[in-house]
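The values are calculated or read from the model by the stated rules, or taken from the named source; none is laboratory data. Fair warning: this is a prediction, and the values are worked out from it, not measured in the lab. Cβ placement follows ideal geometry from the backbone for every residue including glycine, while neighbour counts extend to all protein chains displayed. SASA here: full protein model, heavy atoms, side chains in, ligands and nucleic acids out. Shrake-Rupley method; radii C 1.70, N 1.55, O 1.52, S 1.80 Å.
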Amino acid sequence: MALGTCDGAIPAEGWRTVREEPVELTLVRQAVRGDRAAFARLVDLYQRAVFGLCCRLVQDREEARDAAQETFVRAYAALATYDAANPFGPWLLRIARNHCIDLVRRRLPPARRLELDAPVGGGREDGSELPDAAVRPADEQLVEAQQASAVGAAVAALPHNYREVIHLFHVEHMSYKEIAATLEVPIGTVMTWLHRARARLRERMAEEEREP
């Protein structure tokens, strides 16, 4: 399984193909019966998404490559437990996320390990802090600006859960529902984190512009 650089992302049209449940379910059923070619097809569909998320979380390309490989090993072993009523992508990315969090946790001193599981900041989880009409222009600016290295550095400096929602929403083009399933949090929490992450990025970029 060949994995590329950390900045790769599945195009939007690719995700529409990946999200066709009948194709995925057929491949999963075949893989559960021992068809390795079917599982290889699932790997082909998702390897860039898994690798991209691992890169965003562990922030090291070689370690992310190993984490992505391990994700697929674990997914193959757990295929029989996959609930076909739920989308396959979030299920797989949740495996990747949990593995990466374990890797990052091992690097930290014990006093800081709980931070990986704790919500960032207070606020309400019903999404009321996210005014849809006001956020659309910022969305478009963020997607366009994300190609710049300055924005990449700003994203890397965010808390881990803010990095995750930015990556899953803006790079992997996942819906709020899919992100919530991947991160195992309420949709309102995803909306709040995304809103606050964008706000931090705008502040950081404004600071960059003011610097001589």
### Message
If I stretch the segment between Glu207 and Ala37 completely, what's the gain in nm (0.36 nm per residue apart, minus their alpha carbon distance), one decimal?
### Response
56.2 nm
### Of all accessible heavy-atom area on the range 158-212, the percent that carbon and sulfur account for (1.4 Å)
53 percent
### Packing-based order for 55-62, 27-34, 176-183, 81-88, using average beta carbon neighbours within 10 Å, highest first
176-183, 55-62, 27-34, 81-88
### Message
Expected output is a single nm value to one decimal: the length gained when fully extending between Val23 and Arg61, i.e. 0.36 nm times separation in residues minus the C-alpha distance. What is it?
### Response
10.7 nm
